[in-house]
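The values are calculated or read from the model by the stated rules, or taken from the named source; none is laboratory data. What you see is a predicted model, and the numbers here were worked out from it, not measured in a lab. Because the Cβ atoms are built from the backbone with ideal geometry, glycine has one as well, and the counts that use them run over all protein chains shown.
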Amino acid sequence: MNNTQNNKQQTDDIYENGNTHAYHCKTQKDKSAGLTVNIDGENVPTIWPIDRRFNLTWRNDSPALKSDLQKALDSWQLACGIKFIEDLQNPFFTFRDSTFEEENSPDLSGVIAYAFFPGDFPREVVLFNVFKTQFNKVAVLAHELGHLLGFRHEHIWRGLTGETTEGAKPVTRYDANSIMHYQKLFDDEARGITTKLSTLDKRGARLLLYNF
């Protein structure tokens with residue numbers, strides 16, 4: 001996705017090249033270890049302040065989301081104590097379906113979903129039509145929630161998609177099993193396995209978000 005929101009808007013794309021599929025996401029720079037956090041120009045992690053971490057209110061405007069959403073929310077809540085609270089009247093962020101224009105945009109061809117980093121606007125998790133075809137819906141949602149908590153793609157440390165490591169800082173050692181790693185998501189989707197937060201995902205999230 002060609003987005004000017006600090007060039008950080010990450011989207012989850014599936015591309016087809018003959019019989020080869022590649023899981024590709026853009027909540028970060030197009031040319032941009034264990035768990036990896038986004039950082040600002042002063043090398044400070046872009047994460048929510050303590051009071052917001054326990055009051056991340058949300059509203060679901062997408063009919064495509066049912067029990068999968070709560071499972072994804074719970075995965076991070078149980079991992080690091082973060083609190084997601086449903087608020088229909090005054091949500092801090094929302095889940096919504098893509099628009100007709102987004103679905104037909106050449107820049108968004110094949111997108112599954114996209115989210116945002118702390119400090120970015122709009123604060124939305126957007127789901128595209130192809131999301132409905134995914135076996136691993138919970139993992140896709142957990143991946144996007146990872147972005148809005150401040151976490152980057154793990155595979156950038158291996159040059160899997162050409163994204164650079166600019167503005168990224170490892171929280172733990174490199175983790176090929178991370179929920180933020182494309183190859184792990186792609187492999188599990190192909191095998192019909194629900195990807196879960198790895199041990200290092202949980203450890204890194206606790207270290208970064210519950211260490212105060």
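Among the listed residues G146, G167, G81, which satisfies the condition of being of a type in the set (G, A, S) and touching a Gly at 6+ places or on another chain (Cβ under 9 Å)?
Details: G146 fails: touching a Gly at 6+ places or on another chain (Cβ under 9 Å); G81 fails: touching a Gly at 6+ places or on another chain (Cβ under 9 Å).
The match here is G167.
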**OP:** Look through the range 146-199, keep the residues that are at positive phi and buried (at least 17 other Cβ atoms within 10 Å of the Cβ), and return whichever of them is modelled with the highest pLDDT.
**Re:** G150
**OP:** Check whether at least one residue in the range 104-125 is under 23 Å from I193 (Cβ atoms), assigned to a loop (DSSP other than H, G, I, E, B) and among the aliphatic types (A, V, I, L, M), and report yes or no.
**Re:** yes
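Take I82 and decide whether it is closer than 24 Å to L200 by Cβ, β-branched (V, I, T) and out of contact with any Phe, Trp or Tyr (no Cβ under 9 Å at 6 or more places or on another chain).
On the way: closer than 24 Å to L200 by Cβ: yes; β-branched (V, I, T): yes; out of contact with any Phe, Trp or Tyr (no Cβ under 9 Å at 6 or more places or on another chain): no.
Here the answer is no, as I82 does not meet what is asked.
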Subject >> Residues (buried (at least 17 other Cβ atoms within 10 Å of the Cβ) and under 18 Å from T133 (Cβ atoms)) located in the range 65-95 >> reply: L65, D68, L69, A72, F95
